[in-house]
1. What residues have an amide H closer than 5 Å to that of Val104, excluding those fewer than 5 places away on the same chain, when H is modeled at 1.01 Å from N in the peptide plane?
2. Please rank Val113, Val7, Val67, Val86, fewest neighbouring Cβ atoms within 10 Å first, as an exposure proxy.
3. What list of ³J(HN,Hα) values in whole Hz, one per residue of the range 86-103 in order, does the Karplus curve 6.51 cos²θ - 1.76 cosθ + 1.60 (θ = phi - 60°) give from phi, with Gly and Pro shown as x?
4. Neighbouring Cβ atoms within 10 Å as the yardstick, rank Lys60, Lys69 fewest first.
5. For labels at Glu103 and Glu62 in the simple 7 Å Cα→Cβ model, what's the distance in nm?
Amino acid sequence: MTYMGKVIKVILLIEVIIILGIGGYFLVKPKLSLFREHDSCRANYACGELLVSFSESLSKEEISSFVTKLGLKINIDHGSYYSIGVEQGKEREWAKILSQYPEVRYAELNRVVTLQ
């Protein structure tokens, strides 16, 4: 076998090892997902997260202060609504609590919708 033939053989062997390594990783890696179904959840939704819209009269600073005083965290400001982080498994409870405040227009689960 020529020198170039040996080099090509080694390169192909390295490619196969890399491909098998990457493929093996995806076979054994843990399945991580924000979406799961658990006891307090009958439908699928993003766990630990609510979509909340506040009164238009509130400033972003007032909204941030309101959320912080409740011990919650703003994940994402979507403009007209916010993604608010809550304790996993307590999403429904927090949605009810937040909905009772006059500052809150709505608080709901961030449901997962599957299109077919």
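Coordinate-derived values only; no laboratory data. Small disclaimer: the values here were computed from a predicted structure and weren't measured. Counting neighbours? That spans all protein chains shown, and the Cβs are built from the backbone with ideal geometry, glycine included.
1. HN-HN under 5 Å from Val104: Ser55.
2. Details: Val113 7, Val7 10, Val67 18, Val86 24.
If I rank by nearby Cβ atoms, fewest first, I get Val113, Val7, Val67, Val86.
3. Working through the residues one at a time gives 10, 5, 4, x, 10, 4, 5, 4, 5, 4, 5, 4, 4, 5, 7, 7, x, 6 Hz.
4. Values: Lys60 11, Lys69 8.
Fewest to most other Cβ atoms nearby, the residues stand as Lys69, Lys60.
5. According to this spin-label approximation, the distance is 0.9 nm.
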